[in-house]
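Colleague: I'd like to ask you about the structure that follows.
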Amino acid sequence: KVGWSPAMVSKAAPPLPAADRSLRVYVYDLPPKFNTWLAAHFRRPGRWDQSYLYSLDAKLHRWLLHSPHRTFDPKEADYFFVPAYLHLGFYDYEFGLYWLSPRGNAFCNEVFRYVQRTWPFYNASRGADHVFVMTNDKGATFIRGSVPALQRATLVTQWGWVRPHIHHRETDVVVPPMLKVDKLLGESPFLNGDWLGRAAASAGGGVSARLQPGEVLNASSPWRYEYLLSFVGSVRFHTPGYSMGVRQSIFRKYNETSGFFLRDLRGDSKKGVHKQMKPHEYLGVLQRSKFCLAPSGMGFSTRSYESIAQGCVPLVIQDDPLTNTSVDQAFDELLPWRQFSVRLRQRDIPHLPELLASFPDGE
């Protein structure tokens with residue numbers, strides 16, 4: 001009854017780590033038209049609940065059904081989870097991928113009218129203890145104005161631009177996109193044992209070709225980076241607001257700079273020759289780079305996670321100079337982002353070569 005299909009629970013759930021049971025979450029039992037029935041027209045092959053990037057709404061619902069934090073008594077709940085699967089409607093139901101379209105907003109309003117009409121809990125707090133997942137590119141942009149029921153709710157998104165109409169730090173949670181990590185980790189030099197082998201080839205030999213069990217990389221591991229900074233992706237010179245202008249500024253200024261590998265998906269970095277890169281080629285560029293640019297796209301970026309998996313330091317530049325606002329990263333208040341990434345602002349772009357070169361390889 002809780003918006004599930006047999007395929008979702010046919011396999012045993014993986015064991016969850018020990019959790020503090022003091023936090024209790026009540027999972028609403030919504031009609032399937034708000035979640036699983038949206039999969040009826042799912043266009044891509046494979047399991048609809050494992051779709052790429054945007055499927056956190058379905059996955060979080062699935063996890064909560066097996067979570068030690070779940071309670072069946074709404075009176076003891078700290079939070080109420082609303083399991084509506086927006087991501088299944090981005091394309092086929094024209095809900096809107098970047099931000100919600102009028103049809104997507106109407107869907108959300110219908111969801112919360114049902115919640116308000118069926119249970120007393122939303123009205124008791126005016127939604128302050130309700131959790132709703134939005135995984136479209138620009139997260140919660142405009143949604144609180146279009147769906148008043150979400151004004152005080154906790155929104156779980158992948159886009160943490162700190163603006164009054166987008167991300168509320170005091171309530172919202174920024175999470176990573178749902179990457180297909182098997183592909184990233186399959187190529188990762190950290191996990192396939194070949195990191196020191198590549199380092200040896202780069203340094204001319206003299207080190208063990210594979211990591212030994214329990215061995216970790218450290219500042220003494222020899223490595224010569226081929227690129228100081230790399231970026232492979234869409235630039236979209238003529239799309240205002242795309243990447244907050246970061247990709248365009250860096251590409252224009254450093255297109256032919258020594259030590260910078262910059263490739264627009266629509267052309268080569270120097271000669272303008274169109275050349276798509278296969279996934280393993282792209283990941284290979286990350287492995288040979290000291291820093292990997294991790295700008296926003298239309299909204300959130302996947303590149304921080306792709307870079308980390310390949311041993312490259314993410315260079316995060318996600319800010320808007322006009323409003324002097326920046327973007328919170330995933331779990332920004334919990335993860336030590338300063339220890340595994342470098343964050344700069346657009347005003348630093350003219351000084352990138354010297355700023356990046358100033359970081360010792362060991363650091």
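The values are calculated or read from the model by the stated rules, or taken from the named source; none is laboratory data. Since we're looking at a predicted model, the values are computed, not measured. Note that each Cβ is placed from the backbone with ideal geometry, even for glycine, and that neighbours are counted across all protein chains shown. Please note that ligands, DNA and RNA were not included when accessible areas were found on the heavy atoms of the full protein model with its side chains. Shrake-Rupley method; radii C 1.70, N 1.55, O 1.52, S 1.80 Å.
Colleague: I need the shape label for segment 284-356. Rule: rounded when a/c is under 1.5, else prolate if a/b > b/c, else oblate, with a, b, c from the alpha carbon gyration tensor.
Modeller: Details: a/c = 1.67, a/b = 1.21, b/c = 1.38.
Here segment 284-356 falls in the oblate category.
Colleague: Asn35's amide H: which non-local residues (gap 5+, or another chain) put their own amide H closer than 5 Å, with H modeled 1.01 Å from N in plane and none for Pro or chain starts?
Modeller: Excluding prolines and chain starts, which carry no amide H, the hits are Tyr85.
Colleague: Applying a 10 Å radius around every beta-carbon, put 321-329, 157-165 in order of their mean neighbour count, most first.
Modeller: 157-165, 321-329
Colleague: Leaving ligands, DNA and RNA out of it, report the carbon-plus-sulfur percent of the accessible area of segment 86-161 at a 1.4 Å probe.
Modeller: On the way: 1570 of 2910 Å².
Exposed carbon and sulfur together represent 54 percent of the surface.
Colleague: What does the accessible area per residue of segment 262-363 come to in Å², with a 1.4 Å probe and no ligands, DNA or RNA counted?
Modeller: Values: 5040 Å² over 102 residues.
Normalised by residue count, the accessible surface of segment 262-363 is 49 Å².
Colleague: Sticking with this structure for a sec: Tell me, what % of the accessible area of segment 269-363 is carbon and sulfur with a 1.4 angstrom probe?
Modeller: 56 percent
Colleague: I've got another one for you. At q = 0.14 Å⁻¹, what base-10 log of I(q)/I(0) does the Debye formula yield for segment 62-137 when every alpha carbon is treated as an equal point scatterer in vacuo?
Modeller: These q points yield log10 I(q)/I(0) values of -0.53.
Colleague: Return the sequence-ordered ³J(HN,Hα) values of segment 235-248 in whole Hz as given by the Karplus equation 6.51 cos²θ - 1.76 cosθ + 1.60 applied to θ = phi - 60°, using x for Gly and Pro.
Modeller: Each residue of segment 235-248 in turn: 9, 6, 4, 10, 10, x, x, 5, 6, 6, x, 5, 4, 5 Hz.
Colleague: Segment 290-331: D in µm²/s via Stokes-Einstein (Kirkwood Rh, Cα pairs, 20 °C, 1.002 mPa s)?
Modeller: This corresponds to a translational diffusion coefficient of 197 µm²/s.
Colleague: Taking θ as phi - 60°, what are the ³J(HN,Hα) couplings along segment 113-127 by the Karplus curve (6.51, -1.76, 1.60), each to the nearest whole Hz, with x for Gly and Pro?
Modeller: My calculation for segment 113-127 gives 5, 5, 4, 5, 7, 8, 10, x, 6, 5, 5, 5, 10, 6, x Hz in order.
Colleague: Report, by chain and number, residues whose modeled amide H sits under 5 Å from the one on His130, excluding near sequence neighbours (fewer than 5 apart, same chain).
Modeller: Here the answer is Phe80, Thr154, since their amide H atoms fall under 5 Å of that of His130.
Colleague: Over segment 25-124, give the accessible area per residue in Å² for a 1.4 Å probe, as an integer. Kindly include the intermediate steps, with their values, before the conclusion.
Modeller: Numbers: 4830 Å² over 100 residues.
So segment 25-124 comes to 48 Å² accessible per residue, rounded to a whole number.
Colleague: Here's another thing I want to ask about it. Among 61-70, 354-363, what's the highest-first ranking by average C-beta atoms within 10 angstrom per residue?
Modeller: Answer by packing, highest mean first, reads 61-70, 354-363.
Colleague: Antiparallel DSSP bridges in segment 223-363: what percent, to the nearest 5?
Modeller: Around 15 percent of the beta bridges assigned by DSSP in segment 223-363 are antiparallel ones.
Colleague: For segment 68-83, take each phi angle, set θ = phi - 60°, evaluate the Karplus expression 6.51 cos²θ - 1.76 cosθ + 1.60, and give the result in whole Hz per residue in order, putting x for glycine and proline.
Modeller: Result, rounded to whole Hz: x, 7, 6, 10, 9, 10, x, 6, 9, 6, 8, 9, 10, 9, 9, x.
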